[in-house]
Amino acid sequence: MKSLSSLIPALLFCAAPAFAGVTVNSPSTGAELNSPFQLVASSTVCSSQAVASMGYSFDSSSSTTIVKATAVNAQITATPGSHILHVKSWGKGTACVQDIAITVTAPPSDHVAAAGAIDITEPASGAEVQSPFTVAANSVSCSGKQVVTMGYSVDSSTSNTVVKGETLSAQVTAAAGAHVLHVKSWSPSGGACVTDVNVTVTAPQVTTSVIPADAIAVSSVQSLTNWQGQHDAATGATSSSSGTMSVVNSPSMSGFSRQFNISYVNNGGERFSDSFGEDTASTNFFYDGWVYLKSPVTSIANVEMDMNQVIANGNTIIYAFQCSGWSGTWDYSANAGTVSNPVVQWIQAKGTSCNPRNWTANTWHHVQVWYSHDDSGNVTYHSVWFDGVEQAINATVPGEFALGWGPVLVTNFQIDGVGASGSATAYLDNLTIYRW
(Lines give C-alpha, C1' and ligand atoms only; values in the text may rest on other atoms or scores of the structure.)
Protein backbone atom coordinates (compact mmCIF):
# COMPACT_ATOMS: atom_id res chain seq x y z
CA MET A 1 0.00 0.00 0.00
CA LYS A 2 1.05 3.57 -0.55
CA SER A 3 2.35 6.14 1.90
CA LEU A 4 3.74 9.58 1.17
CA SER A 5 7.53 9.61 1.25
CA SER A 6 10.02 12.44 1.29
CA LEU A 7 11.77 13.44 -1.90
CA ILE A 8 14.60 11.10 -2.77
CA PRO A 9 17.88 12.38 -4.22
CA ALA A 10 18.02 13.22 -7.91
CA LEU A 11 19.35 10.52 -10.17
CA LEU A 12 22.68 10.49 -11.90
CA PHE A 13 21.90 10.46 -15.61
CA CYS A 14 23.79 7.85 -17.59
CA ALA A 15 25.91 9.13 -20.43
CA ALA A 16 25.67 7.64 -23.90
CA PRO A 17 28.14 4.82 -24.57
CA ALA A 18 31.54 6.04 -25.69
CA PHE A 19 33.64 3.98 -28.09
CA ALA A 20 36.78 4.41 -26.04
CA GLY A 21 38.31 3.24 -22.82
CA VAL A 22 38.38 -0.52 -23.60
CA THR A 23 41.52 -2.37 -24.68
CA VAL A 24 40.96 -5.80 -26.26
CA ASN A 25 44.10 -7.93 -26.40
CA SER A 26 42.40 -11.03 -27.78
CA PRO A 27 40.68 -11.77 -30.10
CA SER A 28 41.66 -9.32 -32.80
CA THR A 29 39.24 -7.82 -35.29
CA GLY A 30 38.72 -10.15 -38.27
CA ALA A 31 40.00 -13.23 -36.41
CA GLU A 32 38.76 -16.72 -37.30
CA LEU A 33 38.32 -18.75 -34.14
CA ASN A 34 37.27 -22.11 -32.80
CA SER A 35 34.76 -22.13 -29.96
CA PRO A 36 35.27 -21.70 -27.08
CA PHE A 37 37.82 -18.91 -27.50
CA GLN A 38 39.68 -16.65 -25.09
CA LEU A 39 38.64 -13.05 -24.43
CA VAL A 40 41.35 -10.89 -22.84
CA ALA A 41 40.49 -7.23 -22.27
CA SER A 42 40.96 -4.43 -19.76
CA SER A 43 39.61 -0.99 -18.97
CA THR A 44 40.58 1.28 -16.07
CA VAL A 45 38.96 4.56 -17.14
CA CYS A 46 35.74 5.18 -19.07
CA SER A 47 34.85 8.78 -20.03
CA SER A 48 37.13 10.04 -17.23
CA GLN A 49 35.40 7.80 -14.66
CA ALA A 50 37.05 4.91 -12.83
CA VAL A 51 35.80 1.57 -14.17
CA ALA A 52 33.88 -0.64 -11.75
CA SER A 53 32.71 -3.45 -14.07
CA MET A 54 33.37 -5.02 -17.44
CA GLY A 55 31.39 -7.37 -19.62
CA TYR A 56 30.59 -8.58 -23.09
CA SER A 57 27.69 -9.47 -25.37
CA PHE A 58 27.19 -10.74 -28.92
CA ASP A 59 25.51 -9.19 -31.92
CA SER A 60 22.08 -7.68 -31.14
CA SER A 61 21.55 -9.64 -27.92
CA SER A 62 20.62 -7.55 -24.88
CA SER A 63 22.05 -10.25 -22.58
CA THR A 64 25.39 -9.12 -21.16
CA THR A 65 27.85 -11.21 -19.14
CA ILE A 66 29.32 -8.98 -16.41
CA VAL A 67 32.34 -9.20 -14.13
CA LYS A 68 33.04 -6.84 -11.25
CA ALA A 69 36.60 -6.01 -12.29
CA THR A 70 38.72 -3.84 -14.57
CA ALA A 71 39.84 -6.82 -16.66
CA VAL A 72 38.25 -9.81 -18.38
CA ASN A 73 40.01 -13.11 -19.04
CA ALA A 74 37.37 -15.65 -19.97
CA GLN A 75 36.54 -18.61 -22.19
CA ILE A 76 33.61 -17.71 -24.45
CA THR A 77 31.34 -20.08 -26.34
CA ALA A 78 29.71 -18.98 -29.59
CA THR A 79 27.89 -20.58 -32.49
CA PRO A 80 29.56 -20.94 -35.92
CA GLY A 81 29.34 -17.90 -38.15
CA SER A 82 30.12 -14.20 -38.16
CA HIS A 83 29.63 -12.24 -34.93
CA ILE A 84 30.22 -8.84 -33.42
CA LEU A 85 31.67 -9.18 -29.93
CA HIS A 86 30.83 -6.10 -27.84
CA VAL A 87 33.39 -5.67 -25.04
CA LYS A 88 32.15 -3.18 -22.45
CA SER A 89 33.16 -1.28 -19.34
CA TRP A 90 31.22 0.88 -16.94
CA GLY A 91 32.15 3.76 -14.67
CA LYS A 92 29.85 5.86 -12.53
CA GLY A 93 27.10 6.77 -14.99
CA THR A 94 29.27 6.03 -18.05
CA ALA A 95 29.58 3.16 -20.51
CA CYS A 96 32.34 2.36 -23.03
CA VAL A 97 32.19 -0.27 -25.78
CA GLN A 98 34.75 -1.78 -28.17
CA ASP A 99 33.33 -3.88 -31.02
CA ILE A 100 35.32 -6.81 -32.44
CA ALA A 101 34.24 -8.57 -35.64
CA ILE A 102 35.04 -12.30 -35.51
CA THR A 103 34.18 -15.52 -37.34
CA VAL A 104 33.62 -18.72 -35.36
CA THR A 105 34.64 -21.73 -37.46
CA ALA A 106 33.77 -24.69 -35.22
CA PRO A 107 30.82 -25.59 -32.97
CA PRO A 108 31.21 -25.51 -29.19
CA SER A 109 33.00 -28.71 -28.24
CA ASP A 110 30.88 -29.27 -25.13
CA HIS A 111 27.60 -29.01 -27.04
CA VAL A 112 27.94 -31.87 -29.52
CA ALA A 113 24.78 -33.92 -29.46
CA ALA A 114 24.73 -37.69 -29.43
CA ALA A 115 22.94 -38.71 -32.61
CA GLY A 116 19.25 -39.35 -32.00
CA ALA A 117 19.61 -38.87 -28.27
CA ILE A 118 17.06 -36.07 -27.91
CA ASP A 119 13.83 -35.58 -29.85
CA ILE A 120 12.87 -31.90 -29.79
CA THR A 121 9.23 -31.22 -30.68
CA GLU A 122 9.53 -27.44 -30.40
CA PRO A 123 10.98 -25.01 -31.18
CA ALA A 124 12.17 -25.96 -34.64
CA SER A 125 15.76 -25.09 -35.52
CA GLY A 126 15.87 -21.63 -37.07
CA ALA A 127 12.45 -20.68 -35.68
CA GLU A 128 11.45 -17.15 -34.81
CA VAL A 129 9.77 -17.12 -31.41
CA GLN A 130 8.56 -14.61 -28.84
CA SER A 131 9.63 -14.70 -25.21
CA PRO A 132 8.65 -16.68 -23.26
CA PHE A 133 8.59 -19.61 -25.71
CA THR A 134 7.95 -23.31 -25.20
CA VAL A 135 10.60 -26.01 -25.32
CA ALA A 136 9.21 -29.53 -25.60
CA ALA A 137 11.49 -32.56 -25.89
CA ASN A 138 11.99 -36.14 -24.79
CA SER A 139 14.94 -38.46 -24.47
CA VAL A 140 14.85 -42.17 -23.62
CA SER A 141 18.54 -42.98 -23.66
CA CYS A 142 21.83 -41.11 -23.53
CA SER A 143 25.14 -42.80 -24.34
CA GLY A 144 23.41 -46.18 -24.11
CA LYS A 145 21.93 -45.51 -20.65
CA GLN A 146 18.38 -44.71 -19.59
CA VAL A 147 17.70 -40.99 -19.16
CA VAL A 148 16.64 -39.84 -15.69
CA THR A 149 16.89 -36.05 -16.06
CA MET A 150 16.41 -33.44 -18.75
CA GLY A 151 17.05 -29.71 -18.91
CA TYR A 152 18.16 -26.77 -20.97
CA SER A 153 20.37 -23.70 -20.97
CA VAL A 154 20.65 -20.69 -23.28
CA ASP A 155 23.81 -19.50 -25.08
CA SER A 156 26.94 -19.56 -22.89
CA SER A 157 25.07 -19.60 -19.57
CA THR A 158 26.33 -22.16 -17.06
CA SER A 159 22.89 -22.21 -15.38
CA ASN A 160 20.76 -25.21 -16.30
CA THR A 161 17.01 -25.52 -15.78
CA VAL A 162 16.53 -29.18 -14.84
CA VAL A 163 13.50 -31.51 -14.60
CA LYS A 164 13.34 -35.14 -13.50
CA GLY A 165 12.29 -37.67 -16.09
CA GLU A 166 12.49 -38.37 -19.81
CA THR A 167 10.23 -35.49 -20.90
CA LEU A 168 10.90 -31.77 -20.90
CA SER A 169 8.19 -29.10 -21.24
CA ALA A 170 9.07 -25.62 -20.10
CA GLN A 171 8.68 -21.92 -20.80
CA VAL A 172 11.97 -20.23 -21.75
CA THR A 173 12.55 -16.52 -21.28
CA ALA A 174 15.19 -14.86 -23.45
CA ALA A 175 15.95 -11.37 -24.67
CA ALA A 176 15.30 -10.35 -28.27
CA GLY A 177 18.01 -11.55 -30.66
CA ALA A 178 19.69 -14.73 -31.88
CA HIS A 179 20.21 -17.52 -29.32
CA VAL A 180 21.31 -21.13 -29.08
CA LEU A 181 19.03 -23.29 -26.94
CA HIS A 182 20.93 -26.28 -25.51
CA VAL A 183 18.48 -29.11 -24.76
CA LYS A 184 20.10 -31.73 -22.52
CA SER A 185 19.57 -35.16 -21.01
CA TRP A 186 21.49 -37.09 -18.38
CA SER A 187 21.83 -40.76 -17.44
CA PRO A 188 22.28 -41.95 -13.81
CA SER A 189 25.98 -42.55 -14.38
CA GLY A 190 26.52 -38.92 -15.35
CA GLY A 191 26.47 -39.32 -19.12
CA ALA A 192 25.25 -36.15 -20.82
CA CYS A 193 23.72 -35.58 -24.23
CA VAL A 194 22.99 -32.20 -25.79
CA THR A 195 21.15 -31.05 -28.91
CA ASP A 196 21.43 -27.43 -29.96
CA VAL A 197 18.58 -25.44 -31.51
CA ASN A 198 19.13 -22.04 -33.09
CA VAL A 199 16.25 -19.63 -32.44
CA THR A 200 15.66 -15.94 -32.93
CA VAL A 201 13.62 -14.20 -30.26
CA THR A 202 11.65 -11.40 -31.85
CA ALA A 203 10.65 -8.27 -30.03
CA PRO A 204 7.36 -8.81 -28.18
CA GLN A 205 4.19 -7.57 -29.75
CA VAL A 206 3.72 -4.70 -27.34
CA THR A 207 0.62 -2.58 -27.27
CA THR A 208 2.19 0.86 -27.61
CA SER A 209 -0.13 2.32 -30.22
CA VAL A 210 -1.20 4.92 -27.65
CA ILE A 211 2.37 6.27 -27.47
CA PRO A 212 3.02 9.08 -29.96
CA ALA A 213 6.21 9.06 -32.01
CA ASP A 214 7.57 12.15 -30.25
CA ALA A 215 7.06 10.79 -26.72
CA ILE A 216 10.02 11.10 -24.36
CA ALA A 217 11.31 7.71 -23.20
CA VAL A 218 13.58 6.97 -20.24
CA SER A 219 14.78 3.39 -20.53
CA SER A 220 16.58 0.97 -18.19
CA VAL A 221 15.17 2.84 -15.20
CA GLN A 222 15.77 -0.26 -13.06
CA SER A 223 19.54 0.14 -13.51
CA LEU A 224 19.74 3.76 -12.30
CA THR A 225 22.01 4.34 -9.35
CA ASN A 226 19.92 6.07 -6.67
CA TRP A 227 17.34 3.43 -5.80
CA GLN A 228 16.46 3.53 -2.09
CA GLY A 229 14.25 1.34 0.08
CA GLN A 230 12.11 1.97 3.11
CA HIS A 231 9.29 0.34 5.06
CA ASP A 232 5.82 1.49 4.05
CA ALA A 233 4.15 2.39 7.33
CA ALA A 234 0.76 2.43 5.59
CA THR A 235 0.81 -1.39 5.48
CA GLY A 236 -0.13 -1.44 9.18
CA ALA A 237 0.76 0.02 12.55
CA THR A 238 2.24 -3.27 13.80
CA SER A 239 3.93 -4.26 10.57
CA SER A 240 7.57 -3.94 9.65
CA SER A 241 9.81 -4.72 6.72
CA SER A 242 13.38 -4.47 5.56
CA GLY A 243 14.88 -4.91 2.14
CA THR A 244 18.01 -5.08 0.05
CA MET A 245 18.50 -4.55 -3.66
CA SER A 246 21.19 -4.87 -6.28
CA VAL A 247 21.70 -4.97 -10.04
CA VAL A 248 22.20 -8.55 -11.24
CA ASN A 249 22.72 -10.22 -14.59
CA SER A 250 20.70 -13.35 -13.80
CA PRO A 251 17.80 -13.70 -14.07
CA SER A 252 17.74 -10.84 -16.54
CA MET A 253 16.52 -9.93 -19.99
CA SER A 254 18.84 -6.96 -20.49
CA GLY A 255 21.83 -8.05 -18.40
CA PHE A 256 20.96 -5.39 -15.81
CA SER A 257 17.87 -6.40 -13.83
CA ARG A 258 17.27 -5.05 -10.33
CA GLN A 259 16.77 -7.61 -7.58
CA PHE A 260 14.54 -6.71 -4.61
CA ASN A 261 14.65 -8.82 -1.44
CA ILE A 262 12.31 -8.17 1.47
CA SER A 263 11.69 -9.60 4.93
CA TYR A 264 8.49 -8.61 6.69
CA VAL A 265 6.33 -8.98 9.81
CA ASN A 266 2.52 -8.67 9.94
CA ASN A 267 1.88 -8.06 6.23
CA GLY A 268 4.62 -5.43 6.06
CA GLY A 269 5.60 -3.80 2.79
CA GLU A 270 8.90 -2.42 1.50
CA ARG A 271 8.94 0.43 -1.03
CA PHE A 272 11.90 1.00 -3.36
CA SER A 273 12.18 4.33 -5.22
CA ASP A 274 14.32 6.27 -7.65
CA SER A 275 13.97 9.57 -9.49
CA PHE A 276 14.52 9.71 -13.24
CA GLY A 277 14.27 13.39 -14.18
CA GLU A 278 11.79 16.23 -13.96
CA ASP A 279 8.93 17.33 -16.20
CA THR A 280 6.11 19.55 -15.01
CA ALA A 281 4.35 19.73 -18.38
CA SER A 282 3.72 16.17 -19.62
CA THR A 283 0.23 14.86 -18.93
CA ASN A 284 0.43 11.25 -20.21
CA PHE A 285 2.65 8.45 -18.91
CA PHE A 286 3.12 4.86 -20.07
CA TYR A 287 4.83 2.46 -17.62
CA ASP A 288 6.45 -0.48 -19.43
CA GLY A 289 8.43 -3.06 -17.46
CA TRP A 290 9.08 -6.75 -16.88
CA VAL A 291 8.63 -8.35 -13.44
CA TYR A 292 9.93 -11.73 -12.26
CA LEU A 293 8.75 -13.23 -8.96
CA LYS A 294 11.05 -15.83 -7.45
CA SER A 295 9.43 -19.02 -6.21
CA PRO A 296 7.64 -19.36 -3.86
CA VAL A 297 5.17 -16.54 -4.47
CA THR A 298 2.86 -17.53 -1.61
CA SER A 299 4.30 -14.83 0.70
CA ILE A 300 3.46 -11.91 -1.63
CA ALA A 301 0.29 -9.89 -1.01
CA ASN A 302 0.77 -7.06 -3.51
CA VAL A 303 3.15 -5.94 -6.23
CA GLU A 304 2.96 -2.16 -6.56
CA MET A 305 4.33 -0.09 -9.45
CA ASP A 306 3.88 3.69 -9.03
CA MET A 307 4.93 6.96 -10.57
CA ASN A 308 4.90 10.48 -9.08
CA GLN A 309 5.15 13.79 -10.95
CA VAL A 310 5.59 17.29 -9.56
CA ILE A 311 3.58 19.62 -11.81
CA ALA A 312 3.91 23.35 -12.57
CA ASN A 313 2.02 24.56 -9.47
CA GLY A 314 4.41 22.65 -7.18
CA ASN A 315 1.92 19.93 -6.23
CA THR A 316 2.45 16.24 -6.88
CA ILE A 317 0.38 13.94 -9.06
CA ILE A 318 0.47 10.38 -7.71
CA TYR A 319 -0.14 7.52 -10.13
CA ALA A 320 -0.28 4.51 -7.78
CA PHE A 321 -1.05 1.09 -9.23
CA GLN A 322 -0.81 -2.45 -7.92
CA CYS A 323 -1.67 -6.10 -8.49
CA SER A 324 -3.52 -6.91 -5.28
CA GLY A 325 -3.69 -10.33 -3.72
CA TRP A 326 -6.19 -8.96 -1.20
CA SER A 327 -8.80 -7.90 -3.76
CA GLY A 328 -7.76 -10.15 -6.64
CA THR A 329 -7.85 -7.13 -8.94
CA TRP A 330 -5.68 -4.37 -10.30
CA ASP A 331 -6.05 -1.44 -7.88
CA TYR A 332 -5.36 2.28 -8.32
CA SER A 333 -5.15 5.13 -5.82
CA ALA A 334 -7.13 8.34 -5.38
CA ASN A 335 -6.95 11.36 -3.08
CA ALA A 336 -10.04 10.94 -0.91
CA GLY A 337 -9.24 14.13 1.00
CA THR A 338 -8.19 17.55 -0.24
CA VAL A 339 -5.05 18.70 -2.02
CA SER A 340 -3.68 20.28 1.18
CA ASN A 341 -5.00 17.52 3.49
CA PRO A 342 -4.70 14.41 1.30
CA VAL A 343 -5.94 10.92 2.12
CA VAL A 344 -4.75 8.01 -0.02
CA GLN A 345 -7.50 5.59 -0.95
CA TRP A 346 -7.13 2.37 -2.93
CA ILE A 347 -9.87 1.51 -5.41
CA GLN A 348 -10.45 -1.81 -7.14
CA ALA A 349 -10.48 -1.51 -10.93
CA LYS A 350 -13.83 -2.93 -11.97
CA GLY A 351 -13.74 -5.84 -14.35
CA THR A 352 -10.03 -6.57 -13.84
CA SER A 353 -8.31 -9.58 -12.35
CA CYS A 354 -4.85 -9.84 -10.79
CA ASN A 355 -3.22 -11.71 -7.90
CA PRO A 356 0.58 -11.99 -7.72
CA ARG A 357 0.25 -15.36 -6.02
CA ASN A 358 -1.26 -16.63 -9.27
CA TRP A 359 1.63 -15.38 -11.41
CA THR A 360 3.86 -18.09 -12.84
CA ALA A 361 6.97 -18.04 -10.67
CA ASN A 362 10.49 -17.77 -12.09
CA THR A 363 9.13 -16.26 -15.31
CA TRP A 364 9.32 -12.75 -16.74
CA HIS A 365 5.92 -11.05 -16.93
CA HIS A 366 5.26 -7.93 -18.99
CA VAL A 367 3.38 -5.14 -17.19
CA GLN A 368 2.25 -1.97 -18.98
CA VAL A 369 0.05 0.79 -17.56
CA TRP A 370 -1.25 3.95 -19.20
CA TYR A 371 -2.41 6.89 -17.11
CA SER A 372 -2.78 10.64 -17.53
CA HIS A 373 -3.86 13.77 -15.63
CA ASP A 374 -5.86 16.87 -16.50
CA ASP A 375 -5.41 20.52 -15.51
CA SER A 376 -7.58 20.02 -12.42
CA GLY A 377 -5.32 17.33 -10.94
CA ASN A 378 -7.57 14.39 -11.83
CA VAL A 379 -5.87 11.17 -12.88
CA THR A 380 -7.34 8.83 -15.49
CA TYR A 381 -6.22 5.21 -15.39
CA HIS A 382 -6.80 4.05 -18.95
CA SER A 383 -5.64 0.43 -19.25
CA VAL A 384 -3.26 -2.20 -17.95
CA TRP A 385 -1.64 -4.89 -20.11
CA PHE A 386 -0.34 -8.08 -18.50
CA ASP A 387 1.72 -10.31 -20.79
CA GLY A 388 0.18 -8.52 -23.76
CA VAL A 389 -3.47 -8.90 -22.66
CA GLU A 390 -5.29 -5.61 -22.09
CA GLN A 391 -7.69 -4.94 -19.24
CA ALA A 392 -9.48 -1.60 -19.69
CA ILE A 393 -10.00 0.61 -16.61
CA ASN A 394 -11.06 4.06 -17.85
CA ALA A 395 -11.49 5.48 -14.33
CA THR A 396 -10.90 9.15 -13.40
CA VAL A 397 -10.18 10.11 -9.77
CA PRO A 398 -8.58 13.03 -7.86
CA GLY A 399 -4.80 12.54 -7.81
CA GLU A 400 -3.20 15.85 -6.76
CA PHE A 401 -1.31 16.19 -3.44
CA ALA A 402 0.42 19.18 -1.81
CA LEU A 403 3.64 17.55 -0.62
CA GLY A 404 6.12 20.40 -0.94
CA TRP A 405 8.43 18.51 -3.28
CA GLY A 406 10.75 20.12 -5.79
CA PRO A 407 10.34 19.30 -9.50
CA VAL A 408 10.92 15.58 -9.96
CA LEU A 409 9.69 12.37 -11.57
CA VAL A 410 9.78 9.35 -9.24
CA THR A 411 8.99 5.67 -9.74
CA ASN A 412 8.30 3.22 -6.92
CA PHE A 413 8.40 -0.57 -6.87
CA GLN A 414 6.90 -2.14 -3.77
CA ILE A 415 6.37 -5.65 -2.42
CA ASP A 416 3.89 -6.29 0.40
CA GLY A 417 4.06 -9.52 2.39
CA VAL A 418 1.16 -11.64 3.56
CA GLY A 419 1.07 -13.37 6.93
CA ALA A 420 2.79 -13.09 10.28
CA SER A 421 6.29 -13.11 8.79
CA GLY A 422 8.16 -14.11 5.70
CA SER A 423 10.36 -13.06 2.83
CA ALA A 424 10.08 -12.56 -0.90
CA THR A 425 12.29 -11.79 -3.90
CA ALA A 426 11.32 -10.00 -7.10
CA TYR A 427 13.20 -8.67 -10.13
CA LEU A 428 12.49 -5.68 -12.39
CA ASP A 429 13.98 -5.35 -15.87
CA ASN A 430 13.69 -3.34 -19.08
CA LEU A 431 11.69 -0.63 -17.33
CA THR A 432 10.90 2.19 -19.75
CA ILE A 433 8.66 5.11 -18.84
CA TYR A 434 7.25 7.13 -21.74
CA ARG A 435 5.75 10.60 -21.34
CA TRP A 436 4.12 13.15 -23.61
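The values are calculated or read from the model by the stated rules, or taken from the named source; none is laboratory data. Treat the numbers as computed from the prediction; the structure is a model and nothing was measured. Because the Cβ atoms are built from the backbone with ideal geometry, glycine has one as well, and the counts that use them run over all protein chains shown.
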Might you let me know whether segment 185-206 holds any residue that is in contact with a helix residue (DSSP H, G or I) (Cβ under 8 Å, 6 or more places away or on another chain), surrounded by 15 or more Cβ atoms within 10 Å (Cβ to Cβ) and either at pLDDT 85 or above or among the polar types (S, T, N, Q) (or both)?
yes
If we keep just the residues of segment 84-122 that are surrounded by fewer than 20 Cβ atoms within 10 Å (Cβ to Cβ), modelled with pLDDT of 85 or more and not hydrophobic (A, V, I, L, M, F, W, C), which is nearest to Gln49 (Cα to Cα)?
Gln98
Filter segment 289-303 down to the residues that are touching a Ser or Thr at 6+ places or on another chain (Cβ under 9 Å) and assigned to a strand (DSSP E or B) and list them by number.
Gly289, Trp290, Tyr292, Leu293, Ala301, Asn302, Val303
Within segment 243-263, how many residues turn out to be in contact with an Asp or Glu (Cβ under 7 Å, 6 or more places away or on another chain) and over 22 Å from Ser61 (Cβ atoms)?
2
All but one of (1) touching an Asp or Glu at 6+ places or on another chain (Cβ under 7 Å); (2) at positive phi hold for Gln368; which doesn't?
(2)
Matching residues, segment 371-382, being farther than 23 Å from Gly314 by Cα and crowded, with 19+ Cβ neighbours inside 10 Å:
none
From the options Phe401, Phe413, Phe386, residue that is farther than 19 Å from Arg258 by Cα and either under 15 Å from the mean Cα position of the chain (by Cα) or without any contact (Cβ under 8 Å) to a residue 40 or more places away in the chain (or both):
Phe386
For Ile393, all conditions in the list (1) under 17 Å from the mean Cα position of the chain (by Cα); (2) crowded, with 21+ Cβ neighbours inside 10 Å hold save one; what is the number of the exception?
(1)
Looking only at segment 387-420, how many residues end up being more than 25 Å from Gly229 (Cβ to Cβ) and in a strand (DSSP E or B)?
11
Any idea how many residues of segment 155-180 are in contact (Cβ under 8 Å) with a residue 40 or more places away in the chain and under 20 Å from the mean Cα position of the chain (by Cα)?
13
Among the strands (runs of 3 or more DSSP E) confined wholly to segment 310-364, which include 1 or more residues that are free of Cβ contacts under 8 Å to residues at least 60 places away in the same chain?
321-324, 330-335, 344-348
Considering only segment 417-427, I want to know if a residue exists there that is more than 21 Å from the chain's Cα centre (by Cα) and over 18 Å from Lys294 (Cβ atoms).
yes
Are any of the residues in segment 209-224 touching a residue at least 12 places away in the same chain (Cβ under 8 Å), of a type in the set (D, E, K, R) and surrounded by fewer than 18 Cβ atoms within 10 Å (Cβ to Cβ)?
yes
It is to be established whether one or more residues within segment 391-414 are touching a Gly at 6+ places or on another chain (Cβ under 6 Å) and under 27 Å from Gln171 (Cα atoms).
yes
Strands (runs of 3 or more DSSP E) (entirely within segment 205-288) containing at least 1 residues that are acidic (Asp, Glu):
269-275
Consider only pairs whose beta carbons are under 9 Å apart and that are at least six residues apart or on different chains; among these, list those whose first residue lies in segment 70-97 and is of a type in the set (Phe, Trp, Tyr) and whose second residue is outside any loop (DSSP other than H, G, I, E, B).
Trp90/Cys46; Trp90/Gln49; Trp90/Ser53; Trp90/Met54; Trp90/Gly55; Trp90/Ile66; Trp90/Cys96
